[in-house]
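Visitor: Please find one structure pasted underneath; my questions will follow.
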Amino acid sequence: MTGQYNSPNSGQYQGPGPGQGPGYQGNYGHQPPPGQYGPPPGYGQQPPGYGPPGYPPPYPPQPPRPNRRKQIFSWVAVVAGGTAATVVAALLINGTDGKKNEAVKLPPTESARKLESFDPNAVNNTPTTAPSKEASRPSAPPAPKSGGKFAPVANDMSTWPDVCDLITPEELAKVIPEVTSQEQQGTAKAAGSYASRGPALRSTTCLYTVNTKRGWGYSNVIKVTIQINNIDAPKELDYIWNLGKNSAQRVQPDFKALGTAGGADDAYYATNGMRMRKGQYSLQIDASGSLSKEGTDSPWQGWQGELLPKLLPTITAKI
């Protein structure tokens, strides 16, 4: 036997096997049942947009290509529009003559008015010692005087002087270096040990807001305050005065005894301020802000202790 019998392995087998229907043409010449094998529907077709131009379906025509000329025109329009907007903005800012337009100045608020120089003719960086506005101090009749000095009655606050008259802007500008402008604002208030003697008619506290070229740091503003602590008979002031002075001497590291400097009965410096007494007056002068040393960009530490005592002769000459 030489492979003549009908065996599946002999390569001679031609008929269908068991369970193999007609038409099966696999390895043995058979075909699969219809609908069960073969590529899925649409297999072999290219996606839309492919294929040579004019080729019949199943190759649909390619999508239209963008119009390059329209794109260029659109780009030119955008650039031209941006340039026009820039030119309009420049004209709004600088004006048609090329000069920068001035900003519209709105009326200042009440707080802004208090910070403005009280001298309407003052110019930036131009020294001024013009008199203060009447509205910055209480309106009251002049305080009584005797022999060219103020003559208050201890138990009658209506006779006390306006403390803003003890240091004028001109006098303060001689002590604080390189003043460009300042404002003086007084407040009438019965406080402390004399609260029961009110009401006060004139300023018992005066605030000086001083602008100077010698400011150091973020601000060129120096603030100086003079306050009436009490007006009483000298013997009545002794206890409170000595108590405050002894306490400051023990506690404050920057304490400096000034004694009778500048015509005071007694004075001392501590905690950025100076205390003084003369006759029946007990006053204090405080200062805040930063100054630079002359001719340098370095901070001037403890400038209050050097400058405030220079005000003593000015004050004692009036009381």
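The values are calculated or read from the model by the stated rules, or taken from the named source; none is laboratory data. Every value quoted in this text rests on a predicted model; they were computed, and no experiment measured them. Cβ coordinates were reconstructed from backbone atoms using ideal geometry, including for glycine residues, and neighbour counts include every protein chain displayed.
Visitor: May I ask you to list the residues in the range 289-310 that are surrounded by 14 or more Cβ atoms within 10 Å (Cβ to Cβ) and either of a type in the set (S, T, Y) or in contact with a Cys (Cβ under 9 Å, 6 or more places away or on another chain) (or both)?
Guide: Passing the criteria: S290, S292.
Residue-wise test of (1) closer than 29 Å to L291 by Cβ; (2) modelled with pLDDT under 85; (3) of a type in the set (S, T, N, Q); (4) surrounded by fewer than 15 Cβ atoms within 10 Å (Cβ to Cβ).
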residue	(1), (2), (3), (4)
S139	no, no, yes, yes
K145	no, no, no, yes
W160	no, no, no, no
P177	yes, no, no, no
T180	yes, no, yes, no
G198	no, yes, no, yes
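Visitor: Turning to a different aspect of this structure: Are any residues in the range 182-196 among the charged types (D, E, K, R) and either modelled with pLDDT under 80 or surrounded by fewer than 19 Cβ atoms within 10 Å (Cβ to Cβ) (or both), and if so, which ones?
Guide: If the condition is that a residue be among the charged types (D, E, K, R) and either modelled with pLDDT under 80 or surrounded by fewer than 19 Cβ atoms within 10 Å (Cβ to Cβ) (or both), then K189 is the only one that fits.
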